[in-house]
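These notes concern the structure reproduced below.
FYI, it's all coordinate maths here, none of it is from the lab. Here the structure is a predicted model, which is why all the values come from computation and not from measurement. Glycine gets a Cβ as well: all are built from the backbone with ideal geometry, and neighbour counts include every protein chain shown.
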Amino acid sequence: MSEARRARPTIRCLNEDLGLELPGLDVDLEDLAHPFMDELRRVAPTSPDGQKRILSIDSPLVYRIRVSSERGATWVDEQIDVVWLCAAHRREDDSDDDAFVWFSKLHASGRLLPDDDDRLRDAAEAVLRLFRELEEDLHRAADRALGDKGTELRVDLGDYLPCRLLVVEDNGVEEIWCAISVRATDGAFPTERLRELLFASLGEYLSAGDFEARTDWPNGDAEWFEVVRLWMR
């Protein structure tokens, strides 16, 4: 069990059962406003404890949640620590359109559990979440460097990507230096595109226009693992 366990709907459930359109990638599906998502987020930290199994499905173990007269089918993906809302439908006893009949049909047709599109969407959202966190940390670091000109600032953006900044002012012109490591704190090598997006975001944030690629640093050489950019304003 995990307090950090995430709660997500499958795309099929989102479209067909909840009647919602798939939003753009700037919207995290974990944050969608819907009564079923509220309930899913509530049970996610301890799921499936306290939930009843859907007995008509032998494997995998699928559990139920309830919202008013409707029922939902949930499945815990232990590998990525996600509780998926796989289906939702109205409860109608002794009806061919009952929720549990619907869940069984979806299972029999292989449409109940999350598929490759769900995993791709989750991965894409994770990339954007990481970028937004790095971007926010970079902007905050730039503000600090501007407030303490002449002093080099070293930070790990998002506790993940080493970076240093230095602002030097001479005759009313600011030189804003930024170096981003090609190697993350976990030993991974983030893509060049990620670094360039961060540099572009910083330039826009500073209203500094174009940058200059550099291989040096004002008070010494740049490290071999650093990519350096310079703005002047």
Calculate the FRET efficiency for residue 81 and residue 171 from the Cβ-Cβ distance with a Förster distance of 41 Å, rounded to the nearest 0.05. 0.15
Can you compute the charge dipole magnitude of the chain about its Cα centre, using +1 on each Lys and Arg Cβ and -1 on each Asp and Glu Cβ, nothing else charged? Give it in debye, rounded to the nearest 20. 580
Need the C-alpha centroid separation for segment 75-103 versus segment 26-42, integer Å. 16
Candidates for volume of the Cα convex hull per residue in Å³ are [x] 147; [y] 170; [z] 119, and the calculated one carries label [x]
Could you order the peptides 107-114, 161-168, 21-28 from most to least packed, using the average number of other C-beta atoms within 10 Å per residue? 161-168, 107-114, 21-28
